[in-house]
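Taking it in order: structure first as structure tokens, then the write-up.
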Amino acid sequence: EGIGASSANSVTGETPDGISASLNALKQKLVGRNFSSAQVLSEFMEREAPGAPAVRAGIDIAFHDALARGIGQSVGEMLGGTDEPVLTDMTIGLMSASDAVAKARALTGTFKALKLKVGTDLEVDIERMRSVRDAVGPSVQLWCDANQGYDFAQALRFAEAAAELGVEFIEQPVSAGDLGALARLAKESPVPIMADEAAKSMRDYQALLDKGVSHFNIKLMKCGGIRPACKIVDLLAERGAKALVGCMGESGVSLAGALHFASANAHVVKWADLDSQFMLARDVCHPLDFRDGMLWPNGPGTGMRWRENDNNA
């Protein structure tokens with residue numbers, strides 16, 4: 001028995017109703033079949049539900065959870081890891097500079113990395129970024145996510161300001177459809193440029209790598225689960241690229257799968273943005289083990305346990 005979860009999101013275009021429909025359709029094709037490996041299952045689901053990566057991810061996570069529980073290991077151990085903890089950030093959304101500073105100060109001490117959402121007004125964004133850095137000091141890692149909000153010139157200007165403030169990387173500063181601008185930024189920016197919305201399928205990763213992009217946000221909901229994510233890691237490792245494991249507005253059920261994936265692939269996955277559990281009023285599972293700014297993988301399986309009386313929710 002294994003537990004998985006899918007997440008509706010704007011990146012893949014999957015909705016709650018669509019996810020339910022796809023799950024019901026896949027159920028008819030999966031129940032009673034024997035899959036010899038996660039790879040065989042992944043390939044089958046990709047053929048049967050090519051436009052539903054979040055649906056595939058939920059089933060894939062449950063499959064990994066069940067396999068690992070069956071052999072008495074954590075998913076991370078089953079993937080070849082040693083259950084090392086993973087540093088995660090906390091996101092500061094689009095808000096005024098004073099509100100962002102107040103939130104950053106409140107989070108400092110609990111989190112060792114903060115991700116600042118930008119991409120609305122270039123000069124305002126730069127000032128907010130500078131204010132947050134001044135507030136938290138140099139010891140806190142600062143990341144920025146522009147969510148496709150800039151054109152090339154604005155993105156380069158923002159990157160130059162970010163470099164002065166020790167920002168680790170900037171996520172998807174330009175349109176996901178403008179691979180040329182993204183590739184040019186990757187070459188000219190003094191701060192690493194990370195592809196997110198532009199990198200969904202293996203073909204996307206290959207194309208971006210060929211254009212010189214070397215930093216990527218891997219999300220299980222984008223690519224279809226743990227097994228496809230591991231294949232992406234193998235590709236990135238061959239090309240000397242680095243990755244962050246990210247999330248949508250997800251339950252801890254799927255975050256746990258992402259955590260074990262990240263822990264087992266630390267040679268490529270250098271950052272983790274697995275903060276959505278901290279934003280939920282209530283989850284169906286017990287929270288992930290979070291201490292000292294780190295998420296600690298637990299087993300067996302993904303280590304997830306239902307909250308009492310929620311298993312039939």
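The values are calculated or read from the model by the stated rules, or taken from the named source; none is laboratory data. Predicted model only: the values in this text are computed from it and were never measured. Please note: Cβ atoms are built from the backbone with ideal geometry, for glycine as well, and neighbour counts cover all protein chains shown. Side chains are part of the model used for accessible areas, which takes the heavy atoms of the whole protein and leaves out ligands, DNA and RNA. Shrake-Rupley method; radii C 1.70, N 1.55, O 1.52, S 1.80 Å.
Where residues in the range 187-212 are more than 16 Å from the chain's Cα centre (by Cα) and closer than 17 Å to Gly149 by Cβ, which of them is surrounded by the most Cβ atoms within 10 Å (Cβ to Cβ)? By that ranking, first place goes to Val191. For the range 223-252, a tally of residues being open to solvent by 10 Å² or more (accessible area, probe 1.4 Å) and closer than 20 Å to Phe63 by Cα returns 7. Residues in the range 267-291 that are modelled with pLDDT of 95 or more and loosely packed, with under 15 Cβ neighbours inside 10 Å: His267, Asp289, Arg291.
Taken over the range 135-157, residues that are touching a residue at least 40 places away in the same chain (Cβ under 8 Å) and over 23 Å from Leu107 (Cβ atoms) amount to 1.
Evaluate the range 100-120: report whether one residue or more is open to solvent by less than 10 Å² (accessible area, probe 1.4 Å), in contact (Cβ under 8 Å) with a residue 60 or more places away in the chain and among the aliphatic types (A, V, I, L, M). Scanning the range 100-120, I find at least one residue that is open to solvent by less than 10 Å² (accessible area, probe 1.4 Å), in contact (Cβ under 8 Å) with a residue 60 or more places away in the chain and among the aliphatic types (A, V, I, L, M), so the answer is yes.
Of Ala229, Ala243, which residue is closer than 25 Å to Thr91 by Cα, assigned to a helix (DSSP H, G or I) and at pLDDT 95 or above? It is Ala229. Any residue that is open to solvent by 60 Å² or more (accessible area, probe 1.4 Å), β-branched (Val, Ile, Thr) and either under 16 Å from Cys247 (Cα atoms) or modelled with pLDDT under 95 (or both) - is there at least one of those in the range 42-59? For the range 42-59, residues open to solvent by 60 Å² or more (accessible area, probe 1.4 Å), β-branched (Val, Ile, Thr) and either under 16 Å from Cys247 (Cα atoms) or modelled with pLDDT under 95 (or both): absent. Scanning the range 142-181 for residues that are within 22 Å of Asp89 (Cβ to Cβ), part of a helix (DSSP H, G or I) and touching a helix residue (DSSP H, G or I) at 6+ places or on another chain (Cβ under 8 Å) returns Ala155, Phe158, Ala159, Ala161, Ala162.
Here's the yes/no breakdown for (1) over 24 Å from the mean Cα position of the chain (by Cα); (2) buried (at least 16 other Cβ atoms within 10 Å of the Cβ):
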{"residue": "Glu127", "(1), (2)": "yes, no"}
{"residue": "Ala135", "(1), (2)": "yes, yes"}
{"residue": "Pro138", "(1), (2)": "yes, no"}
{"residue": "Trp143", "(1), (2)": "no, yes"}
{"residue": "Tyr150", "(1), (2)": "no, yes"}
{"residue": "Gln154", "(1), (2)": "yes, yes"}
{"residue": "Ala163", "(1), (2)": "no, no"}
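Residues that are part of a helix (DSSP H, G or I) and either among the acidic types (Asp, Glu) or free of Cβ contacts under 8 Å to residues at least 40 places away in the same chain (or both) within the range 36-77 comprise Val40, Glu43, Phe44, Glu46, Arg47, Glu48, Asp60, Asp65, Gly70, Glu77, listed in sequence order. One residue stands out among those in the range 1-25 that are within 30 Å of Gly72 (Cα to Cα) and of a type in the set (A, V, I, L, M): the one that is surrounded by the fewest Cβ atoms within 10 Å (Cβ to Cβ), which is Leu23.
Against the definition (assigned to a helix (DSSP H, G or I), open to solvent by less than 10 Å² (accessible area, probe 1.4 Å) and modelled with pLDDT of 95 or more), how does Phe216 come out, yes or no? For Phe216, the condition - assigned to a helix (DSSP H, G or I), open to solvent by less than 10 Å² (accessible area, probe 1.4 Å) and modelled with pLDDT of 95 or more - is not met.
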